[in-house]
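Quick notes on the structure that follows.
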Amino acid sequence: MHTSIPGLHGSPIRFLAGGGFTAPPRRDTPPHRHTAWELVYYRRGRPRFVVDGVATQARPGVVWLTPPGLVHAEIAGNGFMNWYICFDAPPDQPWPTQTQDDAAGSIERLCAAIVSELASTGTDRDAMLAFLAGELDLRLRRAATRGSANPGLALVTEAEALSDQGHDAPLRLTALAKRLGVAASTLRVAFNQHRGEPPAIALRRRRIRRAVDLLTRTDLTLDAIADQCGFDSASHLSRWIRLEHGCPPGSLRQENQGKL
């Protein structure tokens, strides 16, 4: 059953439904239309998003917005994952049709929070959804000032998604570039432009962040965390954590436990 949730501070958004969707290879979504707005955030894969018969390649981090009544479809290719959110809003909103998430993954985080709250039965559910509706409106307005999806940023986001999928494997820039269908030099340029550092450094930092998250939120051993995050050994991971945080893993874990 759909639930209409009022927006925050005059936000036009009224949430109806949302969730995560996984399409297996070659399982296309046929042309269809909605009576409400639909936001689709691509998390994995490179499907083609088709609007009124015109197909555009999607990548992880790309956001598509379709207003009510617009025919759209997805050509799955090798499969994909997305967040989808349906909501009511007037048709003349200053939002982009297509945009790219920012470096912090703000829209992805927001989509996950909205989907989680839509499934919640907590007493503060409506208040939280109202807050999230206001944030979504503001982020879409901000995205409109950035223009449509940036190909270089889209490439970086997809590289990060692929690296995250293979957390337990060593980083291999050449192999990653091959999977993305670009030269390693192209990937280096994109990372330097959009992350301010080479891909090997930026992707290693992501793995260290994941390792620290596991270290501070779980009781996994350092060996197990190193194995899950693609580091050669616990001592290898420990050395990188010391370089990034200025203290050994045990101190980070103890500090976090002291805050609980």
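Things worth noting here:
- Principal-axis tilt of helix 125-146 within the chain, Cα atoms, nearest 10 degrees: 90
- Taking the longest Cα principal axis of the chain as reference, the axis of helix 199-217 is set at about 90 degrees.
- Taking Cα centre as origin and charging only the Cβ of basic (Lys, Arg, +1) and acidic (Asp, Glu, -1) residues, the dipole magnitude of segment 14-146 rounds to 500 debye.
- Using a Gaussian network model of the chain in which every pair of alpha carbons under 10 angstrom is joined by a spring, one finds that among Asp164, Asp232, Asp126 the greatest mean-square fluctuation is at Asp232.
- Shape class of the chain from the alpha-carbon gyration tensor: oblate, with a/c at 1.5 or above and b/c at least as large as a/b.
- With the simple model of a label 7 Å out from the Cα in the direction of the Cβ, Asn256 to Arg26 spans 4.3 nm.
- Crossing angle, helix 184-194 versus the chain [Cα axis fit, 0-90 degrees, rounded to tens]: 70
- In this label model, Ala127 and Arg179 are separated by 4.3 nm, measuring between points 7 Å along each Cα→Cβ vector.
- Relative contact order for segment 148-192: 44 percent, from Cα pairs under 8 Å spaced at least 6 residues apart, divided by residue count.
Readers should treat all values here as calculations from the given coordinates under stated rules, not as data from a laboratory. Source: prediction; values computed, not measured. Note that each Cβ is placed from the backbone with ideal geometry, even for glycine, and that neighbours are counted across all protein chains shown.
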